[in-house]
Every structure is written in structure tokens, then in C-alpha cells.
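See below for the structure under consideration.
Every read-out reported here was derived from the displayed coordinates using simple, explicitly stated rules and does not represent laboratory data. Note that the coordinates shown come from a computational prediction; the quantities given were computed from them, not determined experimentally. Cβ atoms come from the backbone with ideal geometry, glycine included; neighbour counts cover every protein chain shown.
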Amino acid sequence: MMEVLSHLGAAVGDMLGWIGEYERGILGSIAVLMVLLGTYTTLENKTPESPRYLSSGVRSTNSPLMSNKLASLLTYPSAFIIPCFCMYVSRNATHINMILATLMVIHYLQRTFIFGLLLNGTSKIPVHVFRMSATFCALNGYMIGRYQTEYAVYDADWLTDPRFVIGVALFFIGMAINIHSDHILRNLRKPGETGYKIPRGGLFEYVSGANYFGEIVEWTGFALACWTLHTAAFAFFTAGYIGVIKAFAHHRWYLAKFEDYPKSRKAVIPFLI
């Protein structure tokens, strides 16, 4: 089995080396497309088709529904499998490149095997939303995984550079906020209860989208630590899509649904917006 993987890795490495003349342009184009997509979705400010809004008729198509849990378990793996494979076939990666790529792998392992497996198994999302999310994760995994392991160049002292140190610290702080906030959301309802409740505790005392704030901090830190256009493009898209679109939609929904919802809470950034 290992011999087969070795030959496969060598073959893919040769193929990627052959298209290397064009690959930088391809990766850069994906990054630019991500910035444009983030800008468009932010300006459009359309209510997301997540489970809580489907009952309100927020659906852009007649796409069939599927389990949100299954969708998550199928969507996220490509975002860590592809970077892992990129690390395996890379001919230029240093230990610094590997460390930075591993941060992305850690995030999506958590999203798959902790967040995904613990999701409510009864909630639904449209199939076309799953398809778009899965495509995005695969493209993003390729863009960042490939660039970080093959093309990004760092000085030998990058691990002590303030951008790396602060960026990695922000990454893990953001991840901790995200995981803790997801834990609060999962435990809002007691066994047998249905319906929605007001989140309490943690950063939910300050913002409606504490989980989204954590993820924004996480990917901003990642972009700072990597210091590349590609990771910055992903951080920009994340801030626009989950920060402006999802967090603000949730904030408006909470205010409309609960008369006693804390008016002092912001949408996504504590004390600001």
C-alpha cells in the first residue's frame, strides 16, 4: 500500500511540476476570484439558506434537502485531505511551510470529526448549498495547500517573526472561541426540547455570532502567520460571508424572534458591530 502511495505521489508530483509554469497563475486567479466572491456576497447581503431560515421560506431554488450533519461530514474532509496530499508530494516545502499548512489541517480535522459529528442530525439544508460549499472547500484546500507547500518562501527566522508569532496566537485563540461557542449552541436545548433559545455565556454575552467571530479571528491570524495573498483572500472571504452575511442575519433574526433579546449585543465584533 505504501509503495502504491509512493508511486502515486511521485506521479502527481511530476504532473504538478509539469504544470508549474501555469500553476502560480491558477492559484492567484483562485485567490482573486475569492476576493471578488467575498465582495459580491457581502454587498448582496442575502439571507443564508441555513436550517433556521428554511421554515421562513428562504430558499432560492426548489433544490431537495439533505441532512446538515451529512453535508458537513462530506464537505470538510477535502479541506484537510488535499493540503495533506500537497505536503506529501511537495518538493520544496521546508519545516516552516509544513507548520503553516498543518494549521489549516488542524482546523478542518476539528470541523469534520468534532463539529460535524456532534451536529444535530435532524436539521436540513438544500443540496445545492452543500454542492457549493463542498466545491469551495476543495478549491480552497488546493489553493492554500498547494501554495503554502510549494511556492511560499520564508526566511529561516520566520518562526520568530512577529507576524508568525501573533498570527499563530490569534489562530488558536480564534479556534478556542469557535469551539467553545459551538459547544454553547449545541447545548442550548435539553434532550427532547425543540425550538430555538437565546445563547448565553462566553462571547455570546457580547455578540450574536460568537462562533463566527472566533472563525474570523482564526483565519485572520492564519493569514498574518502565512503572509500570502492566498490566505489573505480566504480571510477576506470568511469575514465577508460569515461575518457580514451569516452573523448579521442571525442578529436580525434573534432581535425579531425574542422580545427579551439583549439589545446591547452586537452582531459579530464585540462593542463595535
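Here are the numbers for the structure shown:
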| item | result |
| --- | --- |
| For peptides 104-111, 75-82, sequence by mean Cβ density within 10 Å, most packed first | 75-82, 104-111 |
| Centroid-to-centroid separation of the stretch 73-91 and the stretch 171-193 [C-alpha atoms, Å] | 26 Å |
| Value at 222 nm in deg cm²/dmol, rounded to 500, when DSSP H runs of n ≥ 4 in the chain each add -39,500 (n - 2.57) | -20500 deg cm²/dmol |
| Among [x] 45, 44, 37; [y] 60, 43, 36; [z] 65, 43, 35, the entry that matches Cα extents along the principal axes in Å as calculated here | [y] |
| Charge dipole (debye, nearest 20) of the stretch 2-257; +1 at Cβ of Lys and Arg, -1 at Cβ of Asp and Glu | 1340 debye |
| Listed residue (Tyr254, His180, Phe213) projecting farthest to the positive dipole end of the chain, Cβ model | Tyr254 |
| Nearest-0.05 FRET efficiency for Ile179 and Leu159, computed from C-beta distance (R0 30 Å) | 0.75 |
| Mean Cα-pair separation over length for the stretch 2-257, i.e. relative contact order, pairs under 8 Å, 6 or more apart, % | 26 percent |
| Residues of type lysines that Lys257 reaches as a straight line, Cα spacing below 18 Å, ignoring anything fewer than 8 places off in the same chain | Lys197, Lys246, Lys266 |
| 0 to 90° range, to nearest 10: angle between helix 162-186 axis and the chain longest Cα axis | 40 degrees |
| Cross-link reach list, aspartates and glutamates versus Lys124, counting only Cα pairs under 16 Å and skipping chain neighbours closer than eight places | Glu49 |
| Burial ranking of peptide ranges 64-73, 222-231 (average Cβ count within 10 Å, highest at the top) | 222-231, 64-73 |
